[in-house]
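Take a look at the structure set out below.
The values are calculated or read from the model by the stated rules, or taken from the named source; none is laboratory data. Small disclaimer: the values here were computed from a predicted structure and weren't measured. Cβ coordinates were reconstructed from backbone atoms using ideal geometry, including for glycine residues, and neighbour counts include every protein chain displayed. Quick note on the areas: whole protein, heavy atoms, side chains included, nothing else; ligands and nucleic acids left out. Shrake-Rupley method; radii C 1.70, N 1.55, O 1.52, S 1.80 Å.
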Amino acid sequence: MPLVVFCGLPYSGKSRRAEELRVALAAEGRAVYVVDDAEVLGAEDATVYGDSVREKALRGALRAAVERRLSRHEVVILDSLNYIKGFRYELYCLARAARTPLCLVYCVRPGGLSGGPRVAGADESPSRNVSVSWRPRAEEGGRPLAAGTGVLGEPQAVDSVVNGRAQAEVPKELEREETRTPDFPALVTSEFEKSAEHVSGAFYPPELLEALALRFEAPDSRNRWDRPLFTLVGLEEPLPLSEIRAALFENRAPPPHQSTQSQPLASGTFLHQLDQVTSQVLAGLMEAQKSAVPGDLLKLSGTTEHLRFTRPLTMAELSRLRRQFISYTKMHPNNENLPQLANMFLQYLSQSLH
């Protein structure tokens, strides 16, 4: 059954949206299973994202849980940050190997491109389409950090989006508004944080939120592993259930790679006959070229294909081409090709030698 991957920073409404989707699909009689951090960790501990070793183990556990649940009977919803595009590609490969459709739901918090905590005053003017990346407040010598200063006290660029385009600088008035913003704990009491904590119960320290925002790799619908992509800004925007249903139950699954497909069945004597036929062809060619002159066609008994003789052929050269032909044929064994193996080998030699 299909796989739904949720993506976004903390407090962006992922868990609430995942629960909303689960309820909607379950009401239609579909079996739905949700995989999230709390289920894998056994305890809701958000600090795992502050330790690269623990986070890597968490991603491996999430991937394994999804792989176990991918079946013909359940819709699997992965409710986690999934902010690394490499991990989203691994999930895409899982769906492709299972031959099941996949879609990505990207949750963004209004007032910030990265979905981080809202900057005070950024939403006060609806006509001004400006969203500023947040910076957590930390006490440094009794004063809050200025805008554009990271948690380590080093100057950092503050990104902004004005009318959908990235800008290198933030307007002066927004910098002043951000500088006057109260301490960070006062910011995480909005409806988004309350709704997120109501579902997940996880708490992310300001320093960890800052690090996640800097590491975040936003989905891009131009990447095959990030589409179909549904972007949800805020909790007020309705969940596009009809589009998600079409992506999950009407779209074709990604085509599997050849390496993930089972090889066709072949008889136990196929490789033996392949080795025997190619050896006989080499022996016949070495014998036929003894009396041939350049331009002659080397003909072998029992074959309809011929090899034009242009120069003397060594056994080493023919043996190398024979090994290549056997390696290729072993990848596509087919008992129906047994009577044509000699002709196929002669065709391969003709194309490789000329």
Failed item in (1) surrounded by 15 or more Cβ atoms within 10 Å (Cβ to Cβ); (2) without any contact (Cβ under 8 Å) to a residue 12 or more places away in the chain; (3) within 21 Å of Tyr106 (Cβ to Cβ); (4) not aromatic (Phe, Trp, Tyr), with Val23 passing the rest: (1)
Some residue of region 2-13 being without any contact (Cβ under 8 Å) to a residue 60 or more places away in the chain, assigned to a loop (DSSP other than H, G, I, E, B) and out of contact with any Pro (no Cβ under 8 Å at 6 or more places or on another chain): no
Subset of region 260-298 [open to solvent by 50 Å² or more (accessible area, probe 1.4 Å), at pLDDT 85 or above and not in a helix (DSSP H, G or I)]: Val293, Pro294, Asp296, Leu297
Subset of region 88-107 [open to solvent by 10 Å² or more (accessible area, probe 1.4 Å) and either among the aromatic types (Phe, Trp, Tyr) or more than 11 Å from the chain's Cα centre (by Cα) (or both)]: Tyr89, Tyr92, Ala97, Ala98, Arg99, Pro101, Tyr106
Residue tally, condition open to solvent by 50 Å² or more (accessible area, probe 1.4 Å) and in a strand (DSSP E or B), over region 230-250: 2
Failed item, numbered, when Leu313 is tested on (1) in contact (Cβ under 8 Å) with a residue 24 or more places away in the chain; (2) open to solvent by 80 Å² or more (accessible area, probe 1.4 Å): (2)
Those residues of region 26-37 which are assigned to a helix (DSSP H, G or I) and surrounded by 18 or more Cβ atoms within 10 Å (Cβ to Cβ), in sequence order: Asp37
